[in-house]
1. Using a 1.4 Å probe on the protein heavy atoms, what percent of the accessible area of the chain belongs to carbon and sulfur?
2. Ignoring solvent entirely, what values of log10 I(q)/I(0) come out of the Debye formula for the stretch 173-223 at 0.16 Å⁻¹ when each Cα is a single scatterer?
3. Over all alpha-carbon pairs of the stretch 49-114, lay out the pair-distance distribution in 5 Å bins, whole %, shortest bin first.
4. I want the antiparallel fraction of DSSP beta bridges within the chain, as a percent rounded to 5.
5. In the chain, if the dipole is taken from +1 on Lys/Arg beta carbons and -1 on Asp/Glu beta carbons about the Cα centre, which of CYS97, ALA80, MET47 is farthest to the positive end?
6. What are the ³J(HN,Hα) couplings of the stretch 134-143, residue after residue, when phi is run through the Karplus curve with 6.51, -1.76, 1.60 and θ = phi - 60°? Round to Hz, x for glycine and proline.
7. How would the stretch 1-126 be classified by its alpha-carbon gyration tensor: rounded, prolate or oblate, with rounded meaning a/c under 1.5 and the a/b versus b/c comparison settling the rest?
8. Please report, ordered by residue number, every helix of the chain (full DSSP H runs) that is 18 Å or longer along its axis going by C-alpha atoms and whose mean Kyte-Doolittle hydropathy reaches -0.5.
Amino acid sequence: MAVKTQELKLDIERVGTVSAILTQPDNAHACYVLAHGAGADMRHSFMNEVAAGLASRGIATFRFNFLYMEKKHGRPDQPAVAHAAIRAAVEEAARLCPGLKLVAGGKSFGGRMTSQAQSKAALPGVKGLAFLGFPLHADKKPSTERAEHLAGIAIPMLFLQGTRDGLADLGHLKPVVARLGAKATLHEVEGGDHSFAVLKKSGRSNDEALVEVLDALAAWIDELA
(Lines give C-alpha, C1' and ligand atoms only; values in the text may rest on other atoms or scores of the structure.)
Protein backbone atom coordinates (compact mmCIF):
# COMPACT_ATOMS: atom_id res chain seq x y z
CA MET A 1 0.00 0.00 0.00
CA ALA A 2 1.33 3.42 -0.98
CA VAL A 3 0.44 6.53 1.00
CA LYS A 4 0.64 10.00 -0.51
CA THR A 5 1.07 13.03 1.74
CA GLN A 6 0.37 16.51 0.36
CA GLU A 7 1.26 19.77 2.08
CA LEU A 8 -1.48 22.25 1.18
CA LYS A 9 -2.86 25.71 1.84
CA LEU A 10 -6.51 26.11 2.82
CA ASP A 11 -8.26 29.38 2.00
CA ILE A 12 -11.00 30.29 4.47
CA GLU A 13 -13.42 32.85 3.09
CA ARG A 14 -13.21 36.22 4.88
CA VAL A 15 -10.80 34.70 7.42
CA GLY A 16 -7.42 33.93 5.86
CA THR A 17 -5.19 31.08 4.73
CA VAL A 18 -3.92 28.21 6.86
CA SER A 19 -1.76 25.13 6.38
CA ALA A 20 -3.28 21.72 5.71
CA ILE A 21 -2.14 18.14 5.10
CA LEU A 22 -3.87 15.43 3.07
CA THR A 23 -2.71 11.89 3.90
CA GLN A 24 -4.21 9.49 1.36
CA PRO A 25 -3.52 5.77 0.93
CA ASP A 26 -3.99 4.43 -2.58
CA ASN A 27 -6.76 2.11 -1.33
CA ALA A 28 -8.71 4.84 0.49
CA HIS A 29 -12.45 4.34 0.75
CA ALA A 30 -13.16 7.24 3.13
CA CYS A 31 -11.72 10.57 4.25
CA TYR A 32 -11.79 11.93 7.81
CA VAL A 33 -11.59 15.72 8.17
CA LEU A 34 -9.49 15.82 11.34
CA ALA A 35 -9.44 19.04 13.38
CA HIS A 36 -6.80 19.52 16.07
CA GLY A 37 -7.29 20.23 19.78
CA ALA A 38 -7.00 23.60 21.50
CA GLY A 39 -3.39 23.30 22.61
CA ALA A 40 -1.56 21.64 19.72
CA ASP A 41 -1.56 22.02 15.94
CA MET A 42 -2.18 19.57 13.11
CA ARG A 43 1.43 18.30 13.27
CA HIS A 44 1.25 17.17 16.90
CA SER A 45 2.42 13.59 17.42
CA PHE A 46 -1.13 12.47 18.27
CA MET A 47 -2.44 13.87 14.98
CA ASN A 48 0.43 12.27 13.06
CA GLU A 49 -0.26 8.90 14.67
CA VAL A 50 -3.98 9.09 13.93
CA ALA A 51 -3.34 10.01 10.29
CA ALA A 52 -0.81 7.19 9.84
CA GLY A 53 -2.97 4.66 11.65
CA LEU A 54 -6.05 5.47 9.60
CA ALA A 55 -4.05 5.37 6.37
CA SER A 56 -3.04 1.80 7.21
CA ARG A 57 -6.75 1.06 7.54
CA GLY A 58 -7.67 2.53 4.15
CA ILE A 59 -8.89 5.90 5.41
CA ALA A 60 -7.50 9.25 4.24
CA THR A 61 -7.26 12.24 6.56
CA PHE A 62 -7.45 15.95 5.84
CA ARG A 63 -5.80 17.92 8.65
CA PHE A 64 -5.65 21.69 8.94
CA ASN A 65 -4.68 24.42 11.38
CA PHE A 66 -7.22 26.74 12.89
CA LEU A 67 -6.28 30.36 12.24
CA TYR A 68 -5.11 31.10 15.79
CA MET A 69 -2.70 28.18 15.65
CA GLU A 70 -1.45 29.17 12.20
CA LYS A 71 -0.79 32.72 13.45
CA LYS A 72 0.61 31.44 16.77
CA HIS A 73 -1.96 33.33 18.82
CA GLY A 74 -2.51 31.95 22.29
CA ARG A 75 -6.29 31.96 22.49
CA PRO A 76 -8.50 29.72 20.31
CA ASP A 77 -10.57 31.33 17.58
CA GLN A 78 -14.10 32.50 18.19
CA PRO A 79 -16.58 29.75 17.23
CA ALA A 80 -17.68 31.48 14.02
CA VAL A 81 -14.07 31.61 12.79
CA ALA A 82 -13.46 27.98 13.75
CA HIS A 83 -16.69 26.92 12.03
CA ALA A 84 -15.62 28.71 8.84
CA ALA A 85 -12.32 26.83 8.88
CA ILE A 86 -14.10 23.51 9.29
CA ARG A 87 -16.50 24.24 6.42
CA ALA A 88 -13.59 25.19 4.17
CA ALA A 89 -11.76 22.01 5.15
CA VAL A 90 -14.78 19.82 4.41
CA GLU A 91 -15.24 21.44 1.01
CA GLU A 92 -11.56 21.03 0.15
CA ALA A 93 -11.47 17.42 1.32
CA ALA A 94 -14.49 16.64 -0.85
CA ARG A 95 -12.79 18.28 -3.84
CA LEU A 96 -9.51 16.43 -3.33
CA CYS A 97 -11.11 13.06 -2.52
CA PRO A 98 -14.03 12.68 -4.91
CA GLY A 99 -16.07 9.57 -4.40
CA LEU A 100 -14.75 8.85 -0.90
CA LYS A 101 -17.09 8.60 2.08
CA LEU A 102 -16.64 11.84 4.05
CA VAL A 103 -16.64 12.08 7.85
CA ALA A 104 -15.56 14.95 10.09
CA GLY A 105 -14.63 15.69 13.68
CA GLY A 106 -11.35 15.65 15.54
CA LYS A 107 -9.52 15.94 18.82
CA SER A 108 -11.25 17.67 21.74
CA PHE A 109 -11.81 21.34 20.76
CA GLY A 110 -11.68 20.42 17.07
CA GLY A 111 -14.41 17.84 17.45
CA ARG A 112 -16.62 20.16 19.48
CA MET A 113 -16.26 22.97 16.91
CA THR A 114 -17.14 20.50 14.16
CA SER A 115 -20.30 19.44 15.97
CA GLN A 116 -21.27 23.06 16.51
CA ALA A 117 -20.77 23.80 12.81
CA GLN A 118 -22.89 20.79 11.85
CA SER A 119 -25.65 21.81 14.26
CA LYS A 120 -25.88 25.28 12.68
CA ALA A 121 -25.93 24.07 9.06
CA ALA A 122 -25.17 20.60 7.74
CA LEU A 123 -21.61 20.15 6.49
CA PRO A 124 -22.08 19.21 2.80
CA GLY A 125 -21.51 15.54 2.07
CA VAL A 126 -20.48 14.60 5.62
CA LYS A 127 -21.98 11.23 6.62
CA GLY A 128 -20.99 11.21 10.29
CA LEU A 129 -19.06 12.95 13.06
CA ALA A 130 -16.34 11.25 15.12
CA PHE A 131 -14.98 12.77 18.32
CA LEU A 132 -11.55 11.83 19.68
CA GLY A 133 -12.25 12.84 23.26
CA PHE A 134 -15.29 15.12 23.25
CA PRO A 135 -14.65 17.92 25.80
CA LEU A 136 -17.97 17.80 27.61
CA HIS A 137 -16.88 20.23 30.32
CA ALA A 138 -13.91 22.01 31.85
CA ASP A 139 -11.34 19.81 33.58
CA LYS A 140 -12.92 18.05 36.56
CA LYS A 141 -15.96 20.35 36.49
CA PRO A 142 -18.73 18.04 35.27
CA SER A 143 -21.64 19.62 33.39
CA THR A 144 -23.50 19.03 30.13
CA GLU A 145 -24.03 22.54 28.69
CA ARG A 146 -21.46 21.92 25.93
CA ALA A 147 -23.59 19.04 24.65
CA GLU A 148 -26.88 20.87 24.25
CA HIS A 149 -26.34 21.56 20.54
CA LEU A 150 -25.86 17.87 19.77
CA ALA A 151 -29.62 17.28 19.80
CA GLY A 152 -29.85 19.31 16.60
CA ILE A 153 -27.54 16.96 14.67
CA ALA A 154 -29.22 14.35 12.49
CA ILE A 155 -26.22 12.34 11.25
CA PRO A 156 -24.46 9.53 13.19
CA MET A 157 -21.94 10.47 15.89
CA LEU A 158 -19.14 8.43 17.48
CA PHE A 159 -17.76 9.37 20.90
CA LEU A 160 -14.37 7.80 21.60
CA GLN A 161 -13.70 8.50 25.28
CA GLY A 162 -11.17 7.39 27.86
CA THR A 163 -12.67 6.29 31.16
CA ARG A 164 -10.19 8.60 33.00
CA ASP A 165 -10.96 11.63 30.83
CA GLY A 166 -11.14 14.64 33.16
CA LEU A 167 -13.00 16.63 30.48
CA ALA A 168 -15.79 14.09 30.01
CA ASP A 169 -17.11 12.52 33.18
CA LEU A 170 -18.85 9.36 32.00
CA GLY A 171 -21.57 9.79 34.59
CA HIS A 172 -22.59 12.90 32.65
CA LEU A 173 -21.65 11.78 29.13
CA LYS A 174 -23.52 8.47 29.12
CA PRO A 175 -26.94 10.11 29.67
CA VAL A 176 -26.13 12.63 26.92
CA VAL A 177 -25.37 9.81 24.48
CA ALA A 178 -28.46 7.88 25.59
CA ARG A 179 -30.69 10.89 24.90
CA LEU A 180 -29.26 11.17 21.39
CA GLY A 181 -30.61 7.71 20.64
CA ALA A 182 -29.56 5.41 17.82
CA LYS A 183 -27.58 8.11 16.01
CA ALA A 184 -24.94 8.21 18.78
CA THR A 185 -22.36 5.56 19.71
CA LEU A 186 -20.06 5.65 22.74
CA HIS A 187 -16.83 3.65 22.75
CA GLU A 188 -15.08 3.64 26.12
CA VAL A 189 -11.31 3.19 26.22
CA GLU A 190 -10.66 1.57 29.59
CA GLY A 191 -8.15 3.55 31.63
CA GLY A 192 -7.58 6.16 28.95
CA ASP A 193 -7.23 9.87 29.71
CA HIS A 194 -8.28 12.75 27.43
CA SER A 195 -5.63 11.68 24.89
CA PHE A 196 -6.18 7.93 25.54
CA ALA A 197 -2.94 7.55 27.50
CA VAL A 198 -3.17 4.72 30.04
CA LEU A 199 -1.46 4.05 33.36
CA LYS A 200 1.43 1.57 33.43
CA LYS A 201 -0.45 -0.56 35.94
CA SER A 202 -3.18 -1.11 33.33
CA GLY A 203 -1.02 -3.75 31.70
CA ARG A 204 -1.05 -2.21 28.25
CA SER A 205 0.76 0.60 26.48
CA ASN A 206 -0.42 3.91 25.08
CA ASP A 207 0.21 2.52 21.60
CA GLU A 208 -2.09 -0.41 22.31
CA ALA A 209 -4.81 1.93 23.56
CA LEU A 210 -4.51 4.04 20.41
CA VAL A 211 -4.82 0.91 18.26
CA GLU A 212 -8.13 0.24 20.01
CA VAL A 213 -9.27 3.81 19.25
CA LEU A 214 -8.30 3.57 15.57
CA ASP A 215 -9.83 0.12 15.13
CA ALA A 216 -13.12 1.35 16.63
CA LEU A 217 -13.07 4.49 14.50
CA ALA A 218 -12.28 2.63 11.27
CA ALA A 219 -14.99 0.04 11.94
CA TRP A 220 -17.57 2.74 12.61
CA ILE A 221 -16.63 4.62 9.42
CA ASP A 222 -16.87 1.40 7.42
CA GLU A 223 -20.40 0.79 8.73
CA LEU A 224 -21.70 4.25 7.85
CA ALA A 225 -24.22 4.23 5.00
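1. Using a 1.4 Å probe with all protein chains present, the chain comes out at 51 percent carbon and sulfur.
2. -0.55
3. 3, 16, 25, 25, 18, 10, 4, 0
4. 35
5. Toward the positive end, the furthest listed residue is ALA80.
6. 5, x, 5, 7, 5, 3, 6, 10, x, 6
7. prolate
8. Qualifying helices: 79-96, 206-223.
The values are calculated or read from the model by the stated rules, or taken from the named source; none is laboratory data. Bear in mind the structure is a predicted one, so any value in this text is a computation, not a measurement. For neighbour counting, all protein chains shown are included, and Cβ atoms are generated from backbone atoms with ideal geometry for every residue, glycine included. The accessibility values were calculated without ligands, DNA or RNA, using every heavy atom of the protein model including side chains. Shrake-Rupley method; radii C 1.70, N 1.55, O 1.52, S 1.80 Å.
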